[in-house]
1. Residue under question is Arg38, and the condition is that it be touching a residue at least 24 places away in the same chain (Cβ under 8 Å), over 22 Å from Val139 (Cα atoms), out of contact with any Gly (no Cβ under 9 Å at 6 or more places or on another chain) and not acidic (Asp, Glu); does it hold?
2. Which one is nearest to the chain's Cα centre (by Cα), of the residues in the stretch 427-468 that are within 30 Å of Leu483 (Cβ to Cβ) and open to solvent by 20 Å² or more (accessible area, probe 1.4 Å)?
3. What tally of residues in the stretch 393-411 results from selecting those that are open to solvent by 10 Å² or more (accessible area, probe 1.4 Å) and out of contact with any Phe, Trp or Tyr (no Cβ under 9 Å at 6 or more places or on another chain)?
4. Would the stretch 315-334 turn up any residue that is acidic (Asp, Glu), at pLDDT below 95 and under 21 Å from Ser430 (Cα atoms)?
5. Look at Gly205 and say whether it is within 18 Å of His136 (Cα to Cα), touching a Gly at 6+ places or on another chain (Cβ under 7 Å) and modelled with pLDDT under 95.
6. Filter the stretch 455-468 for residues that are in contact (Cβ under 8 Å) with a residue 60 or more places away in the chain and in a loop (DSSP other than H, G, I, E, B); which is nearest to Gly288 (Cα to Cα)?
7. Can you pull out the residues in the stretch 204-231 that are in contact with a Phe, Trp or Tyr (Cβ under 7 Å, 6 or more places away or on another chain) and in a loop (DSSP other than H, G, I, E, B)?
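The values are calculated or read from the model by the stated rules, or taken from the named source; none is laboratory data. Small disclaimer: the values here were computed from a predicted structure and weren't measured. Here Cβ is always computed from backbone atoms with ideal geometry, including for glycine, and neighbour counts include all displayed protein chains. Quick note on the areas: whole protein, heavy atoms, side chains included, nothing else; ligands and nucleic acids left out. Shrake-Rupley method; radii C 1.70, N 1.55, O 1.52, S 1.80 Å.
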Amino acid sequence: MGMDTLLLDSGAVTETQVEAAREETIRTGERIDRALVRMGHVSPRAVLEALAGQLAMDIVDVSEIQLTDTIAERIPSRLVFRLQCVPLSDDGERLRIATSDPLQLAELDELRLLTGRDIELVLADDDELRSLIRRHYGVAGDTLEALGSGQVVAQPTESSEDEAQEASVIKLVRDLLVEAIRERATDVHIEPYEHSLSIRYRIDGVLSPAGVPSTVNRFRDAITSRLKIMAGLNVAERRRSQDGRLAFRHEGREFDLRVSVIPMVHGEGIVLRLLESSVALMGLEQLGMEPDTLLRWDDLIARPHGILLVTGPTGSGKSTTLYASLNRVVSESVKAITIEDPVEYQLQGVNQIPVSPDTLDFADGVRAILRHDPDIVMVGEIRDRETAEAAIQASLTGHLVFSTLHTNDAPSAMPRLLDMGVEPFLVASSVEGVLAQRLVRRICTQCRAPGTGCRDCRHTGFRGRVGLYELLEPDEQLRDLVLARSASPVLAKAALQAQRLIPLKSSGRQKIDAGLTTEQEVARVSYGG
């Protein structure tokens, strides 16, 4: 009896849902119950309860279990990884084993013979069980164990005799990427040191170890080579930095990975930026923009011309805000063209152009796309005077221009353009609004316990992020100060007095008062107290 039959007999799902899931499993290769959960037909708990009822098995919560070495060693790690099962207790006669797939009955005999015990199977949530295995045995532990069996070398080759080893290296890299996706990581950092290889994931803006066994260090060259091959980079070049990108698919989700490789003292360091190509665009309200700020920003993005700048450091969510803003104003009567490096997410109804170092830079791209008669132009980033002046000329000839700058706050944006060499009268006459932003971690809605946390938030107390926003709307007084090349503190003071600036600390205070984040989080990302 298969998993689908058990779920059907329990009444947890319908025949129509199972048929749709079967088609999905053919495409993705995943287990049918996981496909049913992912498609929203049934919850993970309902699957567990259905299986428990049909098979008369107990359900256990393994999320807080800490395995002792004595118990963990009752089953060889190779079987733990292969069967996705974990020993929980041993009374000398019976070994209690947690599994999320109770239909592997043929494997029970192997376990009985191996352990000399009767086997009692109990059910556990699939994600919680995998998390327990990763915590105790390490991410990609099974692949590393296979690679460390003495039959492999650190560098993958093309010869037929090494095909099995190369397949293991491919699986190792895939395991690391899949784990990053499961953990909601935005970046993967692979850093070589003299006697170790550090692998860390950036989750909700904070780096944390990936939990990979130390034996991964033996395969640092294999990991680097595999990632280079996937990203179309030169495997033999180890003395210069290289940048590339690769497509990655997991359980029906499409990811675009940007790959940066830089030579370091003890090898090549790699950073991967994960972007989900198929991600649904978020609205400005979902990003955390306060009603007053949103009302003013809505007025700005509906204007027929001028420049709107979104500022902040790398990883502060600028691109997400720009996409959400574009999506809010684009329609059949509005033509929008973007020029980006790279195109991160595809927008329906928007013409998107990638920057190419060989054929098209930002400044030339802006001048070229104006000949396509757009109403709105988005420039991924203003990096130099040429791009700034091209964007300003576009705004002065009747186009609304969105772009980003790397500045700490909103009042610093216009002085930054002056520092690039743009004439003050051009800046003063073109900039209609500046939105500065930061991302803070959002308090976990399940436990609401920062510092302690629960399994849903990886025991951090935080899950997901929310934006803090600072909005500056220049008036005539501010434009005169720009003409006079006034410094950003002077602009900020004048804007506050004229109520033309909603400061970042105001947004932070509202998020704290609403119970969305903490004072420590706001202080961590804020400037000037």
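1. No, not satisfied.
2. Top of the filtered list is Glu432.
3. Step one: filter the stretch 393-411 for residues open to solvent by 10 Å² or more (accessible area, probe 1.4 Å), giving 393, 396-399, 406, 408-409.
Next cut, out of contact with any Phe, Trp or Tyr (no Cβ under 9 Å at 6 or more places or on another chain) only: 393, 396-399, 406.
The total comes to 6.
4. No, every residue in the stretch 315-334 fails to be acidic (Asp, Glu), at pLDDT below 95 and under 21 Å from Ser430 (Cα atoms).
5. So Gly205 does not fit the description; no.
6. Looking at residues that are in contact (Cβ under 8 Å) with a residue 60 or more places away in the chain and in a loop (DSSP other than H, G, I, E, B), I get Thr460.
7. Asp204, Ala210
Residue-by-condition table, conditions (1) in a strand (DSSP E or B); (2) open to solvent by less than 20 Å² (accessible area, probe 1.4 Å); (3) of a type in the set (A, V, I, L, M, F, W, C):
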{"site": "Asp243", "(1), (2), (3)": "yes, no, no"}
{"site": "Phe248", "(1), (2), (3)": "yes, yes, yes"}
{"site": "Ser260", "(1), (2), (3)": "yes, no, no"}
{"site": "Val271", "(1), (2), (3)": "yes, no, yes"}
{"site": "Met282", "(1), (2), (3)": "no, no, yes"}
{"site": "Thr293", "(1), (2), (3)": "no, yes, no"}
{"site": "Asp298", "(1), (2), (3)": "no, no, no"}
{"site": "Pro304", "(1), (2), (3)": "no, no, no"}
{"site": "Leu309", "(1), (2), (3)": "yes, yes, yes"}
